[in-house]
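Heads up: the structure comes next, in structure tokens.
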Amino acid sequence: MTRVRIYKPAKVATQSGMAKTHKWIVEFECQDKLEPESLMGWVSSKDTKRQLRLKFDTLDEALAFAKAKGVDYTIYNPTIRSKFTKDYGNNFTNPRIRGLG
């Protein structure tokens, strides 16, 4: 039976923005074995579902798609990042005045 992974992608380490982390991704797992190509040595398979990646706005939409297609699914919950604001002016203030000392 076909299996899919449902997850929210993590923030890219080389970028500071969170642009591509808001949608839920449905990705099919590879059913065929991976084989190295003889000419270039790249890893490939004959399973074309491996190339398919679907994006959904909510987890409920992704689950509805998986249930409608009758596929098994695994949900990977995203890790929540804590955000704090940094001000340039704090570099020049005394920590005792800010209440940190």
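Quick notes on this structure:
- Close pairs (7 angstrom Cβ cut-off, 6 or more residues apart or separate chains): closer than 24 Å to Val71 by Cα in region 3-22, assigned to a helix (DSSP H, G or I) and open to solvent by 80 Å² or more (accessible area, probe 1.4 Å) anywhere: Pro9/Lys20
- Enumerated strands (runs of 3 or more DSSP E) restricted to the chain, each holding at least 2 residues that are modelled with pLDDT of 80 or more and β-branched (Val, Ile, Thr): 3-7, 24-28, 72-76
- The set of residues in region 26-65 being over 13 Å from Lys8 (Cα atoms) and among the small types (Gly, Ala, Ser) consists of Ser38, Gly41, Ser44, Ser45, Ala64.
- Within region 24-46, tally of residues that are farther than 13 Å from Val4 by Cβ, open to solvent by less than 100 Å² (accessible area, probe 1.4 Å) and either in contact with an Asp or Glu (Cβ under 6 Å, 6 or more places away or on another chain) or touching a residue at least 40 places away in the same chain (Cβ under 8 Å) (or both): 3
- Asn90 in contact with a helix residue (DSSP H, G or I) (Cβ under 8 Å, 6 or more places away or on another chain), open to solvent by less than 80 Å² (accessible area, probe 1.4 Å) and not aliphatic (A, V, I, L, M): yes
- Contact annotation: residue pairs with Cβ atoms under 6 Å, 6 or more positions apart or on different chains, pairing a residue in region 63-77 that is within 18 Å of Lys49 (Cα to Cα) with a partner that is at pLDDT below 95 and in a loop (DSSP other than H, G, I, E, B), are Val71/Thr2; Asp72/Met1.
- Flag if Lys67 is basic (Lys, Arg), within 19 Å of the chain's Cα centre (by Cα) and surrounded by 10 or more Cβ atoms within 10 Å (Cβ to Cβ): no
The values are calculated or read from the model by the stated rules, or taken from the named source; none is laboratory data. In this text the structure is predicted, and so the values were computed from the model without any measurement. Backbone-built Cβ (ideal geometry, glycine too); neighbour counts: all protein chains shown. Heads up: the accessible areas ignore ligands, DNA and RNA and are worked out on the full protein's heavy atoms, side chains in. Shrake-Rupley method; radii C 1.70, N 1.55, O 1.52, S 1.80 Å.
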